[in-house]
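The values are calculated or read from the model by the stated rules, or taken from the named source; none is laboratory data. Bear in mind that the values here come from a model prediction, so they are computed numbers and not experimental data. Using ideal geometry, Cβ is built from the backbone for each residue, glycine included, and neighbour counts are taken over all protein chains shown. The protein model used for the area step is the full one, side chains on, heavy atoms only, and it has no ligands, DNA or RNA in it. Shrake-Rupley method; radii C 1.70, N 1.55, O 1.52, S 1.80 Å.
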Amino acid sequence: MTIHRPIIEILRHGTPGDRLQVKGWVRTKRSLKEFSFVEVNDGSSLSGLQVVFSADLPDYEPLSKQLTTGTAVEFKGELVASQGKNQRVELRAATVKIWGTADTETYPLQKKRHSFEFLRTIGHLRGRTNTIGAVMRVRNACATAIHQFFQERGFLWIHTPVVTASDCEGAGELFTVTNLDLENPPRTPEQNIDFSQDFFGRRAYLTVSGQLEAEIMATAFSNVYTFGPTFRAENSNTSRHLAEFWMVEPEMAFCNLQGDMDLAEAFLKHIFAYVCDRCPEDMQFFQDRIDGTVLATAEQIIHQEFARLTYTEAIALLEKSNRSFEFPVAWGLDLQSEHERYLAEDYCQRPVIVSDYPAEIKAFYMRLNDDGKTVAAMDVLAPKIGEIIGGSQREERLEGLEERITAQGLELDAYWWYLDLRRFGTVPHAGFGLGFERLVQFMTGMENIRDVIPFPRSPGNAEF
Ligand code: 4AD
Ligand code: MG
C-alpha cells in the first residue's frame, strides 16, 4: 500500500523500497532528456524531496511542462537511494497528479532571492520561501516549548479576554472596539461620544496585556500563564514593534522578584534548548544565511548564566561608558533601546536582567521597594533586540496600590476588582510578559519583527 508521509519524515526515516505518496508544491525542476528532477516541498522541512520523473511515463512531455515552480502536485512511487550527493533518498515517480498549476509568467515567487520587503507585499505566498518557512517552523517549536515548560511545572494555561475595559499598562495605547455608527455616533449633553450606548455599555478596547486577569487567576490557581494576542496603538514604525503581537505571561502567587527573574531565565534556556533540538536544519539555515551568530548565541543562552544588574548599577555603567547616546543618561531616565543594547551587547555580551527601576517610569501595579523610590521591576535585555521580557513583583498591599493608581492619574473605580484581590487573601505575587515575536527574532537573527509573524500588523499595514 502507498502511504502519505510528510516530507520531513521521509527525509529522516524513509528507506529505499518504501512505496509512498508525497503532496506539495514544486520548488524547482530540472529537465534532462530522459528525466525531470522535481524538488517538492510540503512545508514540513527546509529541504524538499527530490522526485525523479522519467520520460518513460505516459504524458511525460505535457506533464513535465506543467511542473513549474509553485505547482501543487502529488507523486506516488518508490523511494530509492539517491545517486546525487545532496540527498540520501529520492522518489522514483510512478504516477503524477497535478492539482493546481502556477503560471511562470505571473507567479511572483521564482527561484531567486527576493527581498523581505517584497515578500511582505505577497504575504499570501511568502510562506513558501525558505526563510519564512524556517521562521514559521521555529515559531511553532517556540510555542510548543513554552507550553511544555509551563505544563511540566504545573502552571495552568488560562485564556484572558481580547476585549477589555481596562488599560493594564496605563500607557493609553489602546485600540477602541465599538459598533457605534461612526457617521453619526450618539452624543452626551457635553457633545462627547456616548459610549454608554455602545455594545458593551461602556468604552471597550483591545487588550494590551492579559496580566490583570492573570493576577485574578493566580490568586485562585497559584501558578498560571496566558499566551495570546495583544494590541498596542503605539505609532512606532520600528523593526521591533508590532501593533498586534503575541505575549506569554506567567503569574505566580507566593513569589517575589527573585523568583520571577529565576523563572524568566530558566524559561528562555528551556525554549532555546528545545528549538535547537527540534529544528536543527532550520537553525543551521539561519546561521548560514541570516546571521552567523545565532548558534553561538543559542549555546550561550542554554549554558551560561544571564548577567544581572540593578537599574542604578546600569545607569552608573552607562555614565562611565563614554558613549555619546542620543538620549542623555541620568538616574530617572527610561532606558532607551540604545542603552539596552549597550548593556546587553557591549558591556555584558549576553542577556542581562535589569531590576529595580524608578517608580515614576514604571506601571502602577509594580511593588514599591523599601527605598520608596524604586519598584520591584525587571526587564530581560537581549543583545541586538533589547527588551524581550518585562516583569515585576506586584503591589499586593491595598493602600500602596491605591496610592500608585492615583499617583498615575488613573481612576480607582475602574480597578475595583483588582483592588479587591488585595482585600481578600492577598499574597506577594509576581510575573512577566515575554514578547513572543521578539523571542523568535532573537532566536533566528531576523532583522525585522514583521518577518517573524505570519501576518504583521503595523501602522498603515493590515493586508492579508
Ligand atoms: O513590558 P511590557 O509592556 O509588559 C507588560 O505588558 C506586562 N503587563 C507584562 C507582565 O508583567 N505580565 O510588554 C512585555 C513584552 C516586552 O518586553 C516586549 O518583549 C513585548 O512585550 N512588546 C512588544 N512586542 C512587539 N511589539 C510591541 N509593540 C511590543 N510591546 C511590548
Ligand atoms: Mg516593558
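Could you name every one of the helices (runs of 4 or more DSSP H) located completely within region 222-325 that has at least 3 residues being charged (D, E, K, R)?
Ranges flagged: 257-278, 280-289, 311-320.
Anything in region 183-210 that is open to solvent by 60 Å² or more (accessible area, probe 1.4 Å) and over 24 Å from Arg457 (Cβ atoms)? List them, or say none.
Glu183, Asn184, Arg187, Pro189, Glu190, Gln191, Asn192, Ile193, Ser196, Gln197, Arg202
Output the residue which, of all residues in region 377-399 that are away from ligand 2 (no atom under 16 Å from the Cβ) and among the acidic types (Asp, Glu), is nearest to the chain's Cα centre (by Cα).
Checked region 377-399; the qualifying residue nearest to the chain's Cα centre (by Cα) is Glu395.
If I filter region 148-155 for residues that are surrounded by fewer than 16 Cβ atoms within 10 Å (Cβ to Cβ) and in contact with a Phe, Trp or Tyr (Cβ under 9 Å, 6 or more places away or on another chain), do I get at least one hit?
yes
Could you tell me which residue of region 363-397 is nearest to ligand 1 (Cβ to nearest atom), considering only residues that are of a type in the set (Lys, Arg) and at pLDDT 95 or above?
Restricting to residues being of a type in the set (Lys, Arg) and at pLDDT 95 or above, the top hit is Arg394.
Which residue, of Glu411, Glu402, is part of a loop (DSSP other than H, G, I, E, B), out of contact with any Ser or Thr (no Cβ under 8 Å at 6 or more places or on another chain) and of a type outside the set (A, V, I, L, M)?
Residue meeting the stated conditions: Glu411.
Taking Ile290 and the conditions (1) open to solvent by 40 Å² or more (accessible area, probe 1.4 Å); (2) of a type in the set (Val, Ile, Thr); (3) touching a strand residue (DSSP E or B) at 6+ places or on another chain (Cβ under 8 Å), which numbered condition does it fall short on, given that it satisfies the others?
(3)
I'd like to check something: does region 344-364 contain any residue that is within 11 Å of ligand 2 (Cβ to nearest atom), within 28 Å of Trp417 (Cβ to Cβ) and touching a residue at least 40 places away in the same chain (Cβ under 8 Å)?
yes
Please count how many residues of region 41-51 are in contact with a Phe, Trp or Tyr (Cβ under 7 Å, 6 or more places away or on another chain) and under 14 Å from Asn86 (Cα atoms).
Number satisfying all stated conditions: 3.
Let me confirm something: among Phe231, Phe272, which residue is assigned by TED's automatic domain parsing to the domain that holds Gln304, away from ligand 1 (no atom under 12 Å from the Cβ) and hydrophobic (A, V, I, L, M, F, W, C)?
Answer to the selection: Phe272.
Check whether at least one residue in region 406-424 is β-branched (Val, Ile, Thr), within 31 Å of the chain's Cα centre (by Cα) and away from ligand 2 (no atom under 16 Å from the Cβ), and report yes or no.
No: region 406-424 contains no residue that is β-branched (Val, Ile, Thr), within 31 Å of the chain's Cα centre (by Cα) and away from ligand 2 (no atom under 16 Å from the Cβ).
Test of understanding: among Gly433, Gly400, Gly445, which residue is open to solvent by less than 50 Å² (accessible area, probe 1.4 Å), within 15 Å of ligand 1 (Cβ to nearest atom) and assigned by TED's automatic domain parsing to the domain that holds Ile385?
Gly433
Scan region 404-415 for residues that are more than 16 Å from ligand 1 (Cβ to nearest atom) and either open to solvent by less than 40 Å² (accessible area, probe 1.4 Å) or modelled with pLDDT of 95 or more (or both) and report the count.
Residues that pass the stated criteria total 0.
Look at Leu180 and say whether it is more than 30 Å from Arg27 (Cβ to Cβ) and either open to solvent by less than 60 Å² (accessible area, probe 1.4 Å) or not assigned by TED's automatic domain parsing to the domain that holds Tyr418 (or both).
Yes, satisfied.
Between Arg137, Arg202, which is part of a helix (DSSP H, G or I), away from ligand 1 (no atom under 16 Å from the Cβ) and among the basic types (Lys, Arg)?
Arg137
Please determine, by comparing only the residues of region 234-246 that are near ligand 1 (Cβ under 8 Å from one of its atoms) and out of contact with any helix residue (DSSP H, G or I) (no Cβ under 9 Å at 6 or more places or on another chain), which one is modelled with the highest pLDDT.
Per the stated criteria, the residue is Ala243.
Sort out which residues of region 177-198 are within 37 Å of the chain's Cα centre (by Cα) and within 22 Å of Leu412 (Cβ to Cβ), and write them in order of number.
Phe195, Ser196
Every residue in region 210-230 that is touching a Ser or Thr at 6+ places or on another chain (Cβ under 8 Å) and either among the acidic types (Asp, Glu) or on the phi > 0 side of the Ramachandran plot (or both), please.
Glu213
Looking at this structure, is Arg113 basic (Lys, Arg), in a loop (DSSP other than H, G, I, E, B), under 24 Å from Val138 (Cα atoms) and open to solvent by 30 Å² or more (accessible area, probe 1.4 Å)?
Taking the combined requirement at face value, the residue satisfies it.
What's the number of the condition Cys348 fails, among (1) of a type outside the set (Asp, Glu); (2) under 23 Å from the mean Cα position of the chain (by Cα); (3) open to solvent by 10 Å² or more (accessible area, probe 1.4 Å)?
(2)
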